[in-house]
Amino acid sequence: MELTRAYKFRIYPDATRQEEIDERLILAQQFYNRILEKSIASYQNRKTKVSMAQFNRFVKEIIQEDKKYLKLYSQTRCEIEFRLLKAYQNFFRRTKEGNRKAGFPRFRSRDRYKSITYPQDNGSFSIRKDRLRVSRIGTMRIELHRKIEGTIKTLAIKREGRNYYAVFTTIKNIKVPEVKNTNPVGIDMGLNSFIALSDGTKVGKPKFAKKAEKHIAMWQRIVARRNKGSKRREKAKMHLQKAYEYSTNQSDDYLHKLSDTLINSGYTSFAVEDLHIQNMVKNHNLAQSIQNASWNRFIQMLSYKAESAGMKIIRVDARNTSKECSNCGNIQEMPLSERTYICNRCGMQKDRDINASINILNRATLGQRGSHAQGESVRPHQEAVLEELRTDKTHPLQDAVIA
């Protein structure tokens, strides 16, 4: 199996290298906007279709008009064309699907263009010990906090606030272990508890975004008061971005640890809801909480880790999972305020989220009952891991396990 992974490392360019990177980020942003401008004008005048051949013609015209874009590495210019072409393709796809907010490609400001990519490891970059050399930028220190496994394919230089990062994409052939699906589990994601498992375990998520709200709001007010284009506004924007990044890093760290714990808890497959977040956030009362929950991010992490471990992620229809009785299949209304499911037909009483997780598992296993993941029994290794979470006060997820 061919496994694709990304490795992100902090880099420490000196003042000269920082200027080189910043200059190329500005050139890349301007280059992107120039191609977009020409493609819009071409369509308005000739009604021509968007294509890579058309972009290549625009690039020749742009470089003839201004030679400064030759400072960009040739394949970096090609990657910018692919970015814009992909933006157009996504726009046409969403339009075909009838999405009202199709999202026509828009011009990028400097704040919205933060990376340049070297799409091939053909001598345009190299690593020797703790030094990274990048074509037309120079050599800088890189903090390799872990070993890069696999063949490096691409490099992206990224700026986040005042920090700079190198992101390598690698490909590695691995032998995936064969895992018999003897202990599947259903996972229901919610706002009251972050996840509820069909074996009765509930895990809460610390509200990092909620705790950071006041700090973020303070810097938002400061940015709003500063004059546009001023150095003080730029400095305040850096502080605001740092506040956002801190909250995001906390959340990502938690999600990584939680997904690792699930993979190592003795489960053999995971049934999850096929959520459509864009439709769910139309409820303005819950939109912010849904966005902060990072459900898709968690499923993404769990999916690639399960894939490497030989396990499956099964997505099921999320409709009525909270309204359906896991015992008899009766469907009844369940307001968000009701946290216990009491069936009107068979009288079953069960926690709302646990009931939903069992329904998710049932749909994934085509209604097969009696599996370990439905709470009738638990594998010894799995029970040992959960017990460790409840008793080990030094474990990062100890406070999250609430049942």
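The values are calculated or read from the model by the stated rules, or taken from the named source; none is laboratory data. Remember, predicted model here, so these are calculated numbers, not experimental data. Note: ideal-geometry Cβ built from the backbone for every residue, glycine included; neighbour counts use all protein chains shown.
Those residues that are among the charged types (D, E, K, R) and farther than 30 Å from Glu234 by Cα, I need them from the range 132-169; list them, please. The answer is Arg146, Lys147, Glu149, Lys153. I'd like to know if the range 269-288 contains one or more residues that are modelled with pLDDT of 90 or more and exposed (fewer than 15 other Cβ atoms within 10 Å of the Cβ). So far as the range 269-288 goes, no, none of its residues is modelled with pLDDT of 90 or more and exposed (fewer than 15 other Cβ atoms within 10 Å of the Cβ).
What do you reckon, is Glu178 outside the structural domain of Ala318 (by TED's automatic domain parsing) and out of contact with any Pro (no Cβ under 6 Å at 6 or more places or on another chain)? Against the criterion (outside the structural domain of Ala318 (by TED's automatic domain parsing) and out of contact with any Pro (no Cβ under 6 Å at 6 or more places or on another chain)), Glu178 qualifies.
Considering the range 11-27, the residues that are part of a helix (DSSP H, G or I) and of a type outside the set (A, V, I, L, M) include one that is farthest from the chain's Cα centre (by Cα), namely Thr16.
Taking the range 149-216 and the strands (runs of 3 or more DSSP E) fully enclosed by it, the elements with 3 or more residues that are surrounded by 14 or more Cβ atoms within 10 Å (Cβ to Cβ) and among the hydroxyl-bearing types (Ser, Thr, Tyr) are at 163-173.
Suppose we filter Ile148, Ile174 for residues that are in contact (Cβ under 8 Å) with a residue 40 or more places away in the chain, over 28 Å from Thr248 (Cβ atoms) and hydrophobic (A, V, I, L, M, F, W, C); which single one remains? Let's see the steps before the verdict.
Numbers: Ile148 fails: over 28 Å from Thr248 (Cβ atoms).
On inspection, the qualifying residue turns out to be Ile174.
For the range 1-24, residues that are within 14 Å of Leu70 (Cα to Cα) and either acidic (Asp, Glu) or surrounded by fewer than 18 Cβ atoms within 10 Å (Cβ to Cβ) (or both) total 2.
Pairs meeting the criteria (first residue in the range 316-344 and without any contact (Cβ under 8 Å) to a residue 24 or more places away in the chain and part of a loop (DSSP other than H, G, I, E, B), second residue aromatic (Phe, Trp, Tyr) and surrounded by 12 or more Cβ atoms within 10 Å (Cβ to Cβ), beta carbons under 7 Å, at least 6 apart or on different chains) are Met334/Tyr341. Residues in the range 221-247 that are without any contact (Cβ under 8 Å) to a residue 40 or more places away in the chain and within 21 Å of Asn163 (Cβ to Cβ): 14 in all.
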